[in-house]
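Contents: one structure, followed by commentary.
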Amino acid sequence: MALRNAATFLGQRLAGAAELGISAAKSAGGEALTNAFVTEGVRHASNQAVKQRIRAIKNIGKITKAMKMVAASKMKNAQVAVEQSRGIVNPFVRLFGDHPGVEGKVGVTVAVTSDRGLCGGLNSNITKYTKTLLKLGSASAEDVETKLVSIGDKGRSQLMRAEPRMFSHTFAETYKIRVTFAQASIIAEELLKSNPEVVKVLFNKFRSAISFKPTLATVLTPEALEKQLTEPTGNRLDAYEIEATHERSDVLRDLAEFQLAATLYNAMLENNCSEHASRMSAMENSTKSAGEMLGKLTLEYNRKRQATITTELIEIIAGASALMDA
């Protein structure tokens, strides 16, 4: 009963003080009341800004989590295609060998990148290795004509800015639907129009969901393959009996063209699978960062809200004490 009477008395005194404050504000031009409203507005706006940031980071976290799940699903399907394509390329490597140090008078360097971003340092690694390879080639032989080709739109801008004179053309939108052997064959036909002696393909070789390695694959012309017969890791075609109606040179030319198409097909699939794996890892890191930032902002918002409530309680208690003393 005493507590109820005290609350009633405090309410009456506060109401009377509010009426007195309003009349005083009206008589004095309302400066005190205006300052109070401005202070409260700034405090409320600060909390509102933090609240908006929390809402935005929550939405970003949902988006990155969904992108991670989509990338994981696509990577699973792409991994099956990669394992199947390796069965086409590996026999050519065992038959003709691998010759990364071979240079020809006319060469083509193909950088296999992606069409989309948000996949970590996948594309920057390929462009970095491509620039290094071009510098090594120009330093070893000055009379070598090298053309630069990009598969994927992300490598085009970086390589065109770095080597504008060597850059020939680019193939974009190759990963829009699904990588097929027909696409690789069309690209191989375009590359063979310049009659290169050596075609070097740089791509990211898929190893696991968290590991992919920049890899160089070299494809030689029939003439260059014949020159590698004397090397220990060279052409092993003579170890097999070939029953063909055509001459040896025709058989080698057909095999070299098929090897180029198969190598490009495998490189595009390997890079596509590595892209999904890299995007999955990048989105996972982004989701973790969003969660950490959300925790910090929530703590900050709760502290500001608690400070606001404490300040208002102190003001009410101070005003009640002043009215009780009066």
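The values are calculated or read from the model by the stated rules, or taken from the named source; none is laboratory data. For clarity, every value in this text was computed on a predicted model and none was experimentally measured. With ideal geometry, Cβ positions are generated from the backbone for all residues, glycine too; neighbour counts draw on all protein chains shown. When the accessible area is computed, the model is the full protein with side chains, heavy atoms only, and any ligands, DNA or RNA have been set aside. Shrake-Rupley method; radii C 1.70, N 1.55, O 1.52, S 1.80 Å.
You will find that of 90, 59, the residue that is more than 25 Å from residue 177 (Cβ to Cβ), open to solvent by 50 Å² or more (accessible area, probe 1.4 Å), free of Cβ contacts under 8 Å to residues at least 24 places away in the same chain and over 29 Å from the mean Cα position of the chain (by Cα) is 90 and no other. Being of a type in the set (Lys, Arg), on the phi < 0 side of the Ramachandran plot and open to solvent by less than 60 Å² (accessible area, probe 1.4 Å) holds for only one residue in 253, 305, 248, 279, and it is 279.
Taken over the range 133-165, the criterion of being surrounded by fewer than 17 Cβ atoms within 10 Å (Cβ to Cβ) and within 24 Å of residue 265 (Cα to Cα) is satisfied by 157, 160.
Scanning the range 232-276 for residues that are part of a helix (DSSP H, G or I) and aromatic (Phe, Trp, Tyr), which turns out modelled with the lowest pLDDT? Write out each step before concluding.
Initially, the range 232-276 is screened for residues part of a helix (DSSP H, G or I), giving 237-239, 248-276.
Applying the additional criterion that residues be aromatic (Phe, Trp, Tyr) yields 258, 265.
Numbers: 258: 91, 265: 94.
Looking at the filtered set, the residue picked out is 258.
The residues of the range 260-298 that are without any contact (Cβ under 8 Å) to a residue 40 or more places away in the chain and among the charged types (D, E, K, R), listed by number, are 288, 292, 296. The set of residues in the range 283-302 being aliphatic (A, V, I, L, M) and open to solvent by 50 Å² or more (accessible area, probe 1.4 Å) consists of 293, 299. Within the range 66-111, the set of residues being under 30 Å from residue 163 (Cα atoms) and among the aromatic types (Phe, Trp, Tyr) is empty. Answer yes if at least one residue in the range 107-114 is touching a residue at least 12 places away in the same chain (Cβ under 8 Å), part of a helix (DSSP H, G or I) and open to solvent by less than 60 Å² (accessible area, probe 1.4 Å), and no otherwise. No, every residue in the range 107-114 fails to be touching a residue at least 12 places away in the same chain (Cβ under 8 Å), part of a helix (DSSP H, G or I) and open to solvent by less than 60 Å² (accessible area, probe 1.4 Å).
Of the residues making up the range 62-107, those that are among the small types (Gly, Ala, Ser) and farther than 25 Å from residue 276 by Cβ number 4. In the range 146-158, the residues that are under 13 Å from residue 173 (Cβ atoms) reach residues that are of a type in the set (Lys, Arg) and open to solvent by 60 Å² or more (accessible area, probe 1.4 Å) with C-beta atoms within less than 7 angstrom, at least six apart or across chains, in these pairs: 150/156. Candidates 193, 135, 200: the one that is at negative phi, in contact (Cβ under 8 Å) with a residue 24 or more places away in the chain and among the charged types (D, E, K, R) is 200. Among the criteria (1) more than 21 Å from residue 206 (Cβ to Cβ); (2) among the hydrophobic types (A, V, I, L, M, F, W, C); (3) at pLDDT 85 or above; (4) over 20 Å from the mean Cα position of the chain (by Cα), the one residue 162 does not fulfil is (3). Restricting attention to the range 170-193, does a residue exist that is assigned to a strand (DSSP E or B), at pLDDT 85 or above and within 24 Å of the chain's Cα centre (by Cα)? Checked the range 170-193: at least one residue is assigned to a strand (DSSP E or B), at pLDDT 85 or above and within 24 Å of the chain's Cα centre (by Cα). One residue stands out in the range 194-206 among those that are open to solvent by 60 Å² or more (accessible area, probe 1.4 Å) and part of a loop (DSSP other than H, G, I, E, B): the one that is farthest from residue 225 (Cα to Cα), namely 195. Open to solvent by 70 Å² or more (accessible area, probe 1.4 Å) and polar (S, T, N, Q): is that true of residue 84 in this structure? Against the criterion (open to solvent by 70 Å² or more (accessible area, probe 1.4 Å) and polar (S, T, N, Q)), residue 84 qualifies.
Within the range 93-106, can you find the residues that are without any contact (Cβ under 8 Å) to a residue 40 or more places away in the chain and not in a helix (DSSP H, G or I)? Answer for the range 93-106, where residues must be without any contact (Cβ under 8 Å) to a residue 40 or more places away in the chain and not in a helix (DSSP H, G or I): just 101.
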